[in-house]
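Report on the structure given below.
The values are calculated or read from the model by the stated rules, or taken from the named source; none is laboratory data. Everything numeric here is computed off the predicted structure, so don't read it as measured data. Areas reflect the complete protein model, heavy atoms only, side chains present, ligands, DNA and RNA absent. Shrake-Rupley method; radii C 1.70, N 1.55, O 1.52, S 1.80 Å.
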Amino acid sequence: MAFLLSLLTGMMMLSYGPVPSLGCDLSQNHILASRKTFVVLGQMRRLSPFFCLKDRKDFRIPQEMVDGSQLQKVQTISVLHEMLQQSFNLFHTEGASAAWNTTLLDQLHKGLSQQLDDLETCLVQAMGEEEAALAIQGPVLAVKRYFWGIRLYLKEKEYSDCAWEVVRVEIRRSFSLSANLQQRLGRKDGDRSSS
């Protein structure tokens, strides 16, 4: 099991790379912050997932965060930005401060903040027309509903240690899927330019 987890983590680290297909030039610092965020989320583990099996929940991650085939570039940037913003907000609460190691939590906040700044720049570049702003509403609302479900779960479980552990694993999973979304979008754009 430990080998499988190490292998998956290693594969994730390789999938974080430049995202030139999003119409803006994300810096190396953004890419490093993405990697570090994923690693910090792993380091924050306090309980064995086996200890919290009874608390597991399927949060039904939105397709917008998994499959980019129907999203335009501005929508993809918006979905990624909203995911980072919601993650930042979730881990920037009193309950999160009580549940996690403050040093790791500070590292997570700094990494998420840097990524948000980078994506805000990209979003400003990609937007421009009012139609584009309207086009992002559906996918962004799906991400907001997803995180609303996570917040409700924490409240229902009274912010227990196991509930926070389940949420940490889910957020880490969402970061994994968002990296795959970026990678797929890059391949899709590459396929179009070669036709």
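Evaluating 6.51 cos²θ - 1.76 cosθ + 1.60 at θ = phi - 60° for every residue in region 74-85, the Karplus couplings come out as 5, 5, 4, 4, 5, 5, 5, 5, 5, 4, 5, 5 Hz, glycine and proline recorded as x.
Here K36 is the anchor, and the lysines within straight C-alpha reach of less than 19 Å, apart from those fewer than 8 places off in the same chain, are K110.
The 3J(HN,Hα) values that the Karplus relation (6.51, -1.76, 1.60; θ = phi - 60°) gives for region 138-152 are, in residue order, x, x, 5, 4, 4, 5, 4, 4, 4, 6, 4, x, 5, 5, 4 Hz. Gly and Pro appear as x. Sorted largest first by accessible area at a 1.4 angstrom probe radius, with every protein chain in place, the residues D118, D106 fall in the order D106, D118. The lysines whose alpha-carbon is closer than 27 Å to the alpha-carbon of K157, local same-chain residues fewer than 8 away aside, are K54, K57, K144. Near R46, no amide H atom lies under 5 Å from its own; only residues 5 or more places off or on other chains count, and H is placed 1.01 Å from N. To the nearest 10, the accessible area of L47 is 40 Å² with a 1.4 Å probe.
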